[in-house]
1. Please state which of the following conditions Ser31 fails to meet, knowing it meets all the rest: (1) among the polar types (S, T, N, Q); (2) more than 23 Å from Arg112 (Cβ to Cβ); (3) assigned to a helix (DSSP H, G or I).
2. Given the residues Thr52, Thr84, which is the only one that is assigned to a helix (DSSP H, G or I), surrounded by fewer than 14 Cβ atoms within 10 Å (Cβ to Cβ) and out of contact with any Lys or Arg (no Cβ under 7 Å at 6 or more places or on another chain)?
3. Please go through segment 76-128 and pick out each residue that is within 21 Å of Asn54 (Cβ to Cβ) and aliphatic (A, V, I, L, M).
4. Among (1) touching a residue at least 24 places away in the same chain (Cβ under 8 Å); (2) surrounded by fewer than 20 Cβ atoms within 10 Å (Cβ to Cβ); (3) closer than 16 Å to Lys123 by Cβ, there is one condition Asp24 misses while meeting the rest; what is its number?
5. So Gly77 ticks every box in (1) assigned to a helix (DSSP H, G or I); (2) without any contact (Cβ under 8 Å) to a residue 12 or more places away in the chain; (3) over 16 Å from Val110 (Cα atoms) but one. Which box is left unticked?
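Read the figures in this text as sums done on the coordinates, not as results from a lab. Remember, predicted model here, so these are calculated numbers, not experimental data. FYI the Cβ positions are ideal-geometry reconstructions off the backbone, even for glycines, and counts take in every protein chain you see.
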Amino acid sequence: MLSSAINSPKELQVYQLAYQLSMDLFEHSKSFPPEERYALTSQIRRSSRSVTLNLREAWAKRRYQPHLISKLRDSDGENSETETSIDYAFDCGYLSATDHKTLIEKNHIVGRMLGAMLKSPEKSAQKP
């Protein structure tokens, strides 16, 4: 959770896992066909990176709970969008069943962590 004991959002387990997932997707997307460059490749990279980018904004706005919640919701929404892109990549034949399963599992863990933060935002907000 976000707390005053943590000095950077990079220390959050959810941030670290979401960052790793975005890097994994970056590596996998390198093999997507060229015709997907401005569609699925760009989309999966953008949404997966937005999870951590929104977590950083949540961290920066943690003193005001409504802003914190808003950015956590944005992060959760981007994570859900990423899941759909992972499914498209698999259904289009760009990911193996094993890679799809691994990526979806990481995505779901991030989603559960974000859900826990949204369920108890008071634990995530830094007290003034």
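1. (3)
2. Answer to the check: Thr84.
3. Matches in segment 76-128: Ile86, Leu103, Ile104, Ile109, Val110, Met113, Leu114, Ala116, Met117, Leu118, Ala125.
4. Unmet for Asp24, out of (1) touching a residue at least 24 places away in the same chain (Cβ under 8 Å); (2) surrounded by fewer than 20 Cβ atoms within 10 Å (Cβ to Cβ); (3) closer than 16 Å to Lys123 by Cβ: (3).
5. So Gly77 meets the others, but not (3).
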